[in-house]
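These notes concern the structure reproduced below.
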Amino acid sequence: MLKALLSALVLLAAPASGGPLLQFERLRIGDRTYEAASACDINRDGTLDIVSGAYWFPGPDYSRSIKMAEVERQGDYFDDFSNYPLDVNGDGWVDIITGGWWGKTVRWRENPKGKAGLWATHDIDETGNVETIRFWDVDGDGVVEICPNAGGNVSFYKRIPSGGDKEGVTFRKTLVKQGGCGHGLGFGDINGDGRGDFVIPEGWLEAPEKPLEEPWPWHPEFDLGVVSVPVLVQDVNEDGKADLIAGYGHSYGLCWWEQGADAEGKRTWTRHDIDPDRSQYHDMALADIDNDGKPELITGKRWRAHPAGDPGLNDPVGVYYYNIDGGAFERITLDYGSPERASGVGIYLWVEDLDGNGWKDILAPGKEGLYLFKNKGEL
């Protein structure tokens, strides 16, 4: 059994511009090296637990690890590139949705409702190599769909309720675009019509009025390159137009692309560097870390995103959040150093208030270990 909380360190984080000074407690939750993690109430005791790969860690102290699945290992990778909590079969117990590169399949693990032993794993669909999976409400009904960046296609899966019987769980697949979809996937309202659109490195797919039935018009308006999953859709400069934020998952650079228009009214995209000198920005999220009512950008380095060949492979790892400030991004560093003593963010980080103190925490998995950055609030 693991001894959790192997290291604890109080970190102070403040922007140079004079914003609030925040305290973070860095905890290393054992030595598991899966690259995905999430938080949810696995055992229905009212406390958030942590899930990462083949294990879950009961809250609130995360001092134990309980094995829930067998996960294939390939070199220093595990075939587990997301851990999303969702009650798939409607029985009142949260299940976990996952998928990986080598298995080429999106799956869900069924919560055994307090019973001991490994969880049953059910296939949803063989999609091709799964870079990772995102979860967005594509059809606007208030329930997320399963959106893998997989197989060179854009598709999503809608769960069909089954009345609590796992045998009756079905998923409706919608193929948005077949082929030509590279490394990078985002979702958000690009054109301001109130519907969420898909973003891939070479352009965006416009949501029709009936996204499960009608074709999605294709707009090849940019070429982002080999970018993060997700690509974030956010009005960075607060001009009323949706912009894009993305990092380079296997190279240097973190950027945003400003949406504009030329003299004829044609949409334009202008790239701006945020942080060009750090590498392997593979995962990121938007959340209000400092409770100022505005989202910050949370990201960092995915250590050994590829085991060899990536520019910046041997650079220090780090966990950061950025004040966006209308496009004048400012980095606040929570951790930075060698992977033997510091954390990156893996392929599937999680941001949530785990301890209920009113400040959002950051759960950062990776090949360097599983870390929790507990936000203690203002000093």
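So which of G377, G356, G369 ends up being open to solvent by less than 10 Å² (accessible area, probe 1.4 Å), part of a loop (DSSP other than H, G, I, E, B) and either over 21 Å from L185 (Cα atoms) or in contact with a helix residue (DSSP H, G or I) (Cβ under 6 Å, 6 or more places away or on another chain) (or both)? Going through G377, G356, G369 in turn, the sole match is G369. Only a single item in (1) assigned to a loop (DSSP other than H, G, I, E, B); (2) surrounded by fewer than 24 Cβ atoms within 10 Å (Cβ to Cβ) is not met by V345, and it is number (2).
Can you confirm whether A8 is within 29 Å of T333 (Cβ to Cβ) and under 17 Å from the mean Cα position of the chain (by Cα)? Step through it out loud before you land on a result.
Details: within 29 Å of T333 (Cβ to Cβ): yes; under 17 Å from the mean Cα position of the chain (by Cα): no.
No, not satisfied.
Of all residues in the range 127-152, those satisfying the criterion of being more than 13 Å from H183 (Cβ to Cβ) and open to solvent by 30 Å² or more (accessible area, probe 1.4 Å) are W136, D137, D139, G140, D141, G142, V143, V144.
From Y62, Y77, grab the single residue that is on the phi < 0 side of the Ramachandran plot and crowded, with 20+ Cβ neighbours inside 10 Å.
Numbers: Y62 fails: on the phi < 0 side of the Ramachandran plot.
Only one candidate passes the filter, namely Y77.
All of (1) without any contact (Cβ under 8 Å) to a residue 24 or more places away in the chain; (2) within 18 Å of the chain's Cα centre (by Cα) hold for S338 with one exception: (2). Exactly one residue among T132, T174, T170 is polar (S, T, N, Q) and without any contact (Cβ under 8 Å) to a residue 24 or more places away in the chain, and that residue is T170.
For the range 273-302, a tally of residues being open to solvent by 50 Å² or more (accessible area, probe 1.4 Å) and under 17 Å from L363 (Cβ atoms) returns 1.
If you filter the range 249-272 down to residues that are out of contact with any Leu (no Cβ under 9 Å at 6 or more places or on another chain) and under 15 Å from V199 (Cβ atoms), you find that the one that is least open to solvent (accessible area, probe 1.4 Å) is G249.
Out of V71, V106, which single residue is in a strand (DSSP E or B), of a type outside the set (G, A, S) and touching a Gly at 6+ places or on another chain (Cβ under 7 Å)? Criteria check complete, one pass: V106. Every test in (1) open to solvent by 40 Å² or more (accessible area, probe 1.4 Å); (2) on the phi < 0 side of the Ramachandran plot; (3) modelled with pLDDT under 95 is passed by D123 save one, and that test is (3).
The values are calculated or read from the model by the stated rules, or taken from the named source; none is laboratory data. Computed from a predicted structure; not experimentally measured. Note that we place each Cβ from the backbone using ideal geometry, even for glycine, and neighbour counts take in every protein chain shown. The area values use the complete protein model at the heavy-atom level, side chains included, leaving out ligands, DNA and RNA. Shrake-Rupley method; radii C 1.70, N 1.55, O 1.52, S 1.80 Å.
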